[in-house]
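I have placed the structure first, in the form of structure tokens, so that the comments after it can refer back to it.
The values are calculated or read from the model by the stated rules, or taken from the named source; none is laboratory data. Remember, predicted model here, so these are calculated numbers, not experimental data. When we count neighbours, we look across all protein chains shown, and the Cβ atoms used for this are built from the backbone with ideal geometry, even at glycine.
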Amino acid sequence: MPSTRFEVLAPYGRIMINGAATGELVSVPVTSIFGLSSIAGFNLTAWRMTRPAQARAEMDELAELFATGKMTSAVHATVSLEAGAEAHRLLDQRSVLGRALLQP
């Protein structure tokens, strides 16, 4: 039985890590990638810090697409403000596919 999630990768397998929304940073033992595997990561904060002009332009473009309705976001649930605990329950269960909106 593998002791870490990295040991289940096939040769030339890759793990992609996107951000750290939970605030929890994962430690990766360097020996876990010796089996011809790779780990890649992306974080919006690091992107904005290293390429601020590009990030600003692309975020402005995204805002424009949303403002004109050319791009939309999936809404999983709309919950009244009084039932806000339900929205938290959905998020805690990690069952939300899209946005959970609180409505006054």
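Numerical summary
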{"quantity": "Single residue of the stretch 19-77 satisfying the filter (more than 30 Å from L90 (Cα to Cα) and polar (S, T, N, Q)) that is modelled with the lowest pLDDT", "calculated": "S32"}
{"quantity": "Residues satisfying the stated conditions in the stretch 86-99, i.e. among the basic types (K, R) and surrounded by 13 or more Cβ atoms within 10 Å (Cβ to Cβ)", "calculated": "R89"}
{"quantity": "Residue check for L102: of a type outside the set (G, A, S), assigned by TED's automatic domain parsing to the domain that holds G19 and surrounded by 11 or more Cβ atoms within 10 Å (Cβ to Cβ)", "calculated": "no"}
{"quantity": "Options L91, L102, L97; residue that is within 30 Å of A46 (Cα to Cα), of a type outside the set (S, T, N, Q), outside any helix (DSSP H, G or I) and modelled with pLDDT under 90", "calculated": "L97"}
{"quantity": "Checking T78 against (1) surrounded by 10 or more Cβ atoms within 10 Å (Cβ to Cβ); (2) among the polar types (S, T, N, Q); (3) not assigned by TED's automatic domain parsing to the domain that holds L102, the condition it does not meet", "calculated": "(3)"}
{"quantity": "Matching option when the condition is closer than 30 Å to Y12 by Cβ, among the hydroxyl-bearing types (S, T, Y) and touching a Leu at 6+ places or on another chain (Cβ under 8 Å), among S37, S32", "calculated": "S37"}
{"quantity": "Selected residue (criterion: nearest to E7 (Cα to Cα)) from residues of the stretch 29-53 that are under 16 Å from the mean Cα position of the chain (by Cα) and either exposed (fewer than 10 other Cβ atoms within 10 Å of the Cβ) or of a type in the set (S, T, N, Q) (or both)", "calculated": "A40"}
